[in-house]
Amino acid sequence: MNYVIPPAPIASVPVAGSGDRFPVHRIYCVGRNYEEHAKEMGFTGREPPFFFLKPADSIVPTATGETGTLPYPTLTANLHHEIELVVAIGRGGKNIAAADAHQHIYGYAVGLDMTRRDLQNEMKKQGRPWCIGKGFEHSAPIGPITPKAQAGDVEQAGIWLSVNGTERQRSSVQRLIWNIAETIEHLSAAWELQPGDLIFTGTPEGVGAVVRGDVLEGGVDGLGTLRVAVA
């Protein structure tokens with residue numbers, strides 16, 4: 001097949017413990033999926049889950065033991081960190097029942113949903129889409145994907161983030177408002193999930209701003225840590 005311009009490289013994430021890589025199809029993100037984070041953003045209760053997307057090439061794949069580079073994005077003076085458990089889909093499907101959801105999971109990773117909060121808030125006020133606040137280049141740093149069989153009890157795992165050695169976020173995956181299986185059920189009712197999809201499952205409370213020179217380090221128990229420097 002001939003292309004009129006060179007095709008873009010396939011976005012991919014390293015697989016922990018191997019030389020293999022996980023090709024990324026789409027990135028889905030769940031909004032306000034921890035109760036305390038929902039409260040700090042001005043919301044309460046177990047509202048129905050909602051989703052937004054990031055481009056596949058917004059990832060910043062970072063190997064274990066390395067420090068990824070996150071260029072400070074344009075147009076913002078309020079870049080926020082959001083540490084998240086990421087679910088990697090290995091088997092696609094539509095209208096997946098929660099009871100069957102884990103059969104579709106390949107593995108898990110640690111991710112950051114970086115947010116241009118000032119731009120997002122302005123879009124909210126105007127009733128416009130958040131894309132400019134969420135879907136920019138380098139907005140999805142991610143560590144290696146740990147295959148499901150090696151990941152341990154992710155549903156009960158602790159999740160945390162520090163900035164320059166000072167803890168900012170700490171919670172447990174068990175505090176998700178919509179757990180992993182329920183999220184997949186809801187998501188697959190709206191989109192047909194495909195192998196290669198990533199689901200950023202939401203962030204706990206404690207989100208805040210970072211500036212150039214800051215070093216972010218976060219993790220999910222059993223999945224290692226993700227380390228990123230803001231440049």
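The values are calculated or read from the model by the stated rules, or taken from the named source; none is laboratory data. If you're wondering where the values come from, they're calculated on a predicted model, not measured in any experiment. Note that each Cβ is placed from the backbone with ideal geometry, even for glycine, and that neighbours are counted across all protein chains shown. Keep in mind that these areas ignore ligands, DNA and RNA; they rest on the heavy atoms of the full protein, side chains included. Shrake-Rupley method; radii C 1.70, N 1.55, O 1.52, S 1.80 Å.
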Residue that is least open to solvent (accessible area, probe 1.4 Å) [pool: residues in the range 20-42 that are farther than 12 Å from residue 205 by Cβ and modelled with pLDDT under 90]: 31
Helices (runs of 4 or more DSSP H) fully within the range 116-231 counting 3 or more residues that are open to solvent by 50 Å² or more (accessible area, probe 1.4 Å) and in contact (Cβ under 8 Å) with a residue 60 or more places away in the chain: 180-190
Extreme residue, most open to solvent (accessible area, probe 1.4 Å), among residues of the range 79-109 that are under 20 Å from residue 231 (Cβ atoms) and within 15 Å of the chain's Cα centre (by Cα): 80
Cβ pairs under 9 Å, 6+ apart, first in the range 4-19 and surrounded by 11 or more Cβ atoms within 10 Å (Cβ to Cβ), second of a type in the set (D, E, K, R): 10/21; 11/57; 12/21; 13/21; 14/20; 14/21; 15/21
Among the residues listed as 4, 13, the single one being closer than 22 Å to residue 225 by Cα and either modelled with pLDDT of 95 or more or more than 16 Å from the chain's Cα centre (by Cα) (or both): 13
